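Undergrad: Dropping the structure in here first, questions after.
Values in this text are rule-based calculations from the coordinates and carry no lab data. Quick caveat: nothing in here was measured; it's all calculated off a predicted structure. Glycine gets a Cβ as well: all are built from the backbone with ideal geometry, and neighbour counts include every protein chain shown.
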Amino acid sequence: MLNDALATAALPAYMEKVPAEPRGPEIPFGPVVEVGDDATPYERLVAWTGRDPRWSRVAV
């Protein structure tokens, strides 16, 4: 189970250490993904790292 308190605590550190821009070869994260106001703490954290929190792997 994901711990929202942990994600809430981690997000400011990520935002400080991993800038929103510029992100290039020296920063191994994609552009920040926009999330809605109703995003969970983990969705916000994932989005800041350049991953889409709505993505899911579907086994076929």
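Undergrad: Tell me, what is a quarter of the convex hull surface for the C-alpha atoms of the chain, in nm² with one decimal?
TA: Values: hull surface 21.5 nm².
Approximately 5.4 nm², given one-decimal rounding.
Undergrad: Please give the contour-minus-distance gain from Glu34 to Glu21: 0.36 nm per residue of separation, less the Cα-Cα distance, rounded to one decimal in nm.
TA: Length gained between Glu34 and Glu21: 3.3 nm.
Undergrad: Under 8 Å for C-alpha pairs, at least 6 residues apart: give me the relative contact order for segment 4-48, rounded to a whole percent.
TA: For segment 4-48, the relative contact order is 51 percent.
Undergrad: Turning to a different aspect of this structure: Under the rule of -39500 (n - 2.57) per DSSP H run of 4 or more residues, summed and divided by the residues of the chain, what mean residue ellipticity at 222 nm is obtained, to the nearest 500 deg cm²/dmol? Mind dumping the intermediate values first?
TA: Numbers: 2 runs with 22 residues, N = 60.
Helix-only estimate at 222 nm: -11000 deg cm²/dmol.
Undergrad: Compute the distance in nm between two label points, each set 7 Å from the Cα along the Cα-to-Cβ direction, one at Tyr14 and one at Ser56.
TA: Result for the modelled spin labels: 1.9 nm.
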